[in-house]
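J.: Mind having a look at this structure? Questions to follow.
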Amino acid sequence: MFTKRLKKEPTKSNTNKDAIQIPYIKPSPEMDSSDGKTPFISIYNAHDDTQIWKVPLSTAITIGRGTQFTIQLNSPAVSRPHCIIYYKNSVVSIKNESKTSTTKLNDKPLEEPALLKKGDIIKCGNITLFVSEIFLPKYSSSSNISGTKYIDV
């Protein structure tokens, strides 16, 4: 598995017990793509600061309850296949895979695939995940790469 655990700075406690604290992740060299060309996503569990994933977007990222998933969430409220994140045509998207507990993106039920961006909040059952970084390589418009869609990120 290519996932990498990252270190986070602790957050100050919040007076509102129901509020979900989204901790600040201190930028570090290990958060950068090793070659500057490989797209990746960094996600962390807002409820458990030991669960942080940095995953290349070279294949689909599966999220669910069980050892066969890229991001494993150990909660009975999470479906075995809960959702999938994929990178296609220079776009990162998320799709609900659960039949019993709809994935939420920014507090809205995910009824069809949607674009995913830095700062998005994904809710899988009772687990809240935060997208802390999405790295997509920049392509120069002068490059001669056939079939490549050029984007500014």
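The values are calculated or read from the model by the stated rules, or taken from the named source; none is laboratory data. If you're wondering where the values come from, they're calculated on a predicted model, not measured in any experiment. Neighbour counts are summed over all protein chains in view; Cβ atoms, including those assigned to glycine, are modelled from backbone coordinates with ideal geometry.
J.: Quick one: in region 77-96, which of the residues that are assigned to a strand (DSSP E or B) and of a type in the set (S, T, N, Q) is nearest to Lys117 (Cα to Cα)?
T.: So the residue we want is Ser93.
J.: In addition: Out of (1) surrounded by 15 or more Cβ atoms within 10 Å (Cβ to Cβ); (2) touching a strand residue (DSSP E or B) at 6+ places or on another chain (Cβ under 7 Å), what's the single condition that is false for Gly125?
T.: (2)
This table checks each residue for (1) crowded, with 18+ Cβ neighbours inside 10 Å; (2) touching a Pro at 6+ places or on another chain (Cβ under 9 Å); (3) modelled with pLDDT of 70 or more.
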{"site": "Gln21", "(1), (2), (3)": "no, no, no"}
{"site": "Pro29", "(1), (2), (3)": "no, no, no"}
{"site": "Ser33", "(1), (2), (3)": "no, yes, no"}
{"site": "Thr38", "(1), (2), (3)": "no, yes, yes"}
{"site": "Tyr44", "(1), (2), (3)": "yes, yes, yes"}
{"site": "His47", "(1), (2), (3)": "no, no, yes"}
{"site": "Ser58", "(1), (2), (3)": "no, yes, yes"}
{"site": "Thr62", "(1), (2), (3)": "yes, yes, yes"}
{"site": "Leu73", "(1), (2), (3)": "yes, no, yes"}
